[in-house]
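The values are calculated or read from the model by the stated rules, or taken from the named source; none is laboratory data. Every value quoted in this text rests on a predicted model; they were computed, and no experiment measured them. So basically every Cβ, Gly included, is an ideal-geometry build from the backbone, and we count neighbours across all protein chains shown.
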Amino acid sequence: MDAFFVAVEVQADPSLAGLPVIVGGSGPRGVVASCSYEARFYGVRSAMPSARARQLCPQAIFLPGRYEAYAEASRRLHEVLGSFTPLVEGIALDEAFLDVSGGRRLFGPGPVIAWQVRREVRNRLGLDCSVGVARSKLIAKLASKAAKPRPTPTGTVPGPGVVVVPAEEELAFLHPLPVRALWGVGPASASRLARMGVQTVGDLAAVPPAALVAVFGKAAGRQLHELSWARDPRAVEPDREVKSIGHEETYPEDLVDRSEIERQAVRMADAVASRLRRAGREGRTVTIKVRFADFSTITRSHTGAHPVADGPPIARAAVRLLQGVDVRTGVRLLGVAVSGLTSAGGQRSGHQLSFEGLGGDDGPPGDWGAASAAVDRVRELFGEDAVGPATLARGRRLEVKRAGDTQWGPAQGGARASRPRTPPGGPERGARVVEDRGMRDDLGAEE
């Protein structure tokens, strides 16, 4: 999708069209999730620190992320994609691979299908997308980038919309690209390659495989060599198994009070448990992630004898893991995740609530099924913050963790409240900063 998050915001408020708009965390620790092409002209890019983006484009309009709006648009997008083939591998909310080899009799060859997909997305969602057509994921991904619009001093120039790379033209398309275009080549790898005289993918293709293995190791070195020659045998995987479910959050100021840090762990655990139950999963391994003020990061895990999907046992495990961590230097980020997932067994709401087993590490986690089912039903009817752990009460409200909170860092001032409604006259102009409702979890910054 083209600047997906911003495009959804412009659709909701057409007065934003043609303006430098940034979606992401507005605070000093925030990052850019998406930006309009007008903002990209000034050098703003996704995953850039918001402070740097504000320096490059001081007139930018900062908007918070809205999980519900983007998730709904993504759901409708996948309905369109699924009408062409069942083999759809979602990569993020705004991107997917399609294997259309089985649909050629019905829809035509790949390039024809690409134009049909683009037209259907525009007709049914009112949004634009760019499509790359090739025989591998690698080349199709790069072709979709080549199909996108581009910013210019006089405004945004539409891209071709669809770029097709036939098999016989793959190397001619691939080799002139910068080496950073390849999967697995980040800043550190690119720096090491630059010291070897490698700037483009073609330069990389000329390096003997043995030299790459010596620098990057056997697996990574061989993969770089294969990708540089457009060899990517990976199939489209429509049903990739979820390996873990978690939440994490960056705080506007480092947390140093242990009781508050443990309170935040309970908040994360409650949200993780809720997501596990919605997904019909439970897991045995609870992991905490702690990033300190100096950006050093640690993880600690505990695997119990019994799978869980309820907040109290997950919170208990997370708090116990935290008790072994020295937090006096300050905690910048905290996360809680559950892995070792299996399908939830039995009817969770059919058991009597019990406190048995909550005292030991590996004893039965206690049967919270009925209570959790009641919590889920209340939240379904009255909202996420209608009920939750008592420790999360602040005055007359519960400070629960919502899917999508602070994905791109805290808002300026550290506010977590829901986004205010747009006034009838539309949002004000200028370097506007509003409360952050970004996304964490499995939702990343878009292209």
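Worth a mention:
- Leu106 vs. criteria assigned by TED's automatic domain parsing to the domain that holds Val165 and buried (at least 20 other Cβ atoms within 10 Å of the Cβ): no
- Looking only at residues of the range 306-334 that are β-branched (Val, Ile, Thr) and not in a loop (DSSP other than H, G, I, E, B), we find that the one that is nearest to Glu282 (Cα to Cα) is Val308.
- Odd one out for Gly311 among (1) surrounded by fewer than 23 Cβ atoms within 10 Å (Cβ to Cβ); (2) under 19 Å from Pro389 (Cα atoms); (3) in contact (Cβ under 8 Å) with a residue 60 or more places away in the chain: (1)
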